[in-house]
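The values are calculated or read from the model by the stated rules, or taken from the named source; none is laboratory data. Fair warning: this is a prediction, and the values are worked out from it, not measured in the lab. As a convention, Cβ positions derive from the backbone with ideal geometry for all residues, glycine included, and neighbour counts pool all protein chains shown.
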């Protein structure tokens, strides 16, 4: 039985989520603030988190960062904040899906099953060997990257994009190709998300003294030169 931790300060919504997931055979624990969840995490991680964003104290975005420091457990955001910038930020911080309130409980259950299935497939893949390009080294299995002489502090999307470019060093990838392979085919935002992540990667790599660079292919996309 998969364990799911739901964090939402709205008791009514938390109750509905609990009811539908319990009916589908999931083991559900509900928390109404980040503090109580973090206390529970001292005893281990569940199989998935469902997080609200607007909560008193630590919000869902900050909570997701804390979760990512502890492990690579799937996270679905549910929030009344439906603006594109919020969806993009949630996904870049490590969220696996984003559902806007009000939502259909049946749709939430379907997305939970989809995300858990993807996570299960990912865990069965044999750990890839490191990818080296110049003074850049990406370790897919460890979810780490070194540029220059130091490790890079990267978000999930930053690491995924950097790995994609490194594995295709010398080849130009379009923004649409990057979106499909990093964000997924069901991504609903525009390709400016790619530009934002590349901008942050360039800054972090430069600060580390890396010689390797991400080049812009004007009107098309990006590449890492060999």
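For the stretch 2-30, a residue qualifies if it is exposed (fewer than 14 other Cβ atoms within 10 Å of the Cβ) and part of a helix (DSSP H, G or I), and the qualifying residues are 11, 12, 15, 19, 22, 23.
The residues of the stretch 69-81 that are surrounded by 16 or more Cβ atoms within 10 Å (Cβ to Cβ) and farther than 21 Å from residue 193 by Cβ amount to a single one, 73.
Conditions (1) modelled with pLDDT of 90 or more; (2) within 30 Å of residue 192 (Cβ to Cβ), marked per residue:
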site: 20; (1), (2): yes, no
site: 26; (1), (2): yes, no
site: 30; (1), (2): yes, no
site: 34; (1), (2): yes, yes
site: 37; (1), (2): yes, no
site: 46; (1), (2): yes, no
site: 51; (1), (2): yes, yes
site: 96; (1), (2): no, yes
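When 66, 92, 84 are checked against the criterion of being surrounded by 13 or more Cβ atoms within 10 Å (Cβ to Cβ) and touching a residue at least 60 places away in the same chain (Cβ under 8 Å), 92 stands alone in meeting it.
One line per residue, one yes/no per condition, for (1) closer than 16 Å to residue 98 by Cα; (2) touching a helix residue (DSSP H, G or I) at 6+ places or on another chain (Cβ under 7 Å); (3) touching a residue at least 40 places away in the same chain (Cβ under 8 Å):
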position	(1), (2), (3)
10	no, no, yes
13	yes, no, yes
16	no, yes, yes
21	no, yes, yes
28	no, yes, no
58	no, yes, no
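Can we say residue 197 is modelled with pLDDT of 90 or more, outside the structural domain of residue 85 (by TED's automatic domain parsing) and within 20 Å of residue 97 (Cα to Cα)? Yes. Counted as qualifying within the stretch 137-226 are the strands (runs of 3 or more DSSP E) with 3 or more residues that are in contact with a helix residue (DSSP H, G or I) (Cβ under 7 Å, 6 or more places away or on another chain), namely 221-224. Checked against the criterion of being under 25 Å from residue 83 (Cβ atoms), under 16 Å from the mean Cα position of the chain (by Cα), in contact (Cβ under 8 Å) with a residue 40 or more places away in the chain and loosely packed, with under 14 Cβ neighbours inside 10 Å, the stretch 182-195 contains one or more residues that satisfy it. Checked against (1) out of contact with any helix residue (DSSP H, G or I) (no Cβ under 8 Å at 6 or more places or on another chain); (2) closer than 15 Å to residue 156 by Cβ; (3) in a loop (DSSP other than H, G, I, E, B), residue 69 passes all but a single condition, namely (3).
For residue 106, the conditions (1) without any contact (Cβ under 8 Å) to a residue 24 or more places away in the chain; (2) more than 27 Å from residue 208 (Cα to Cα); (3) out of contact with any strand residue (DSSP E or B) (no Cβ under 9 Å at 6 or more places or on another chain) are fulfilled apart from (1).
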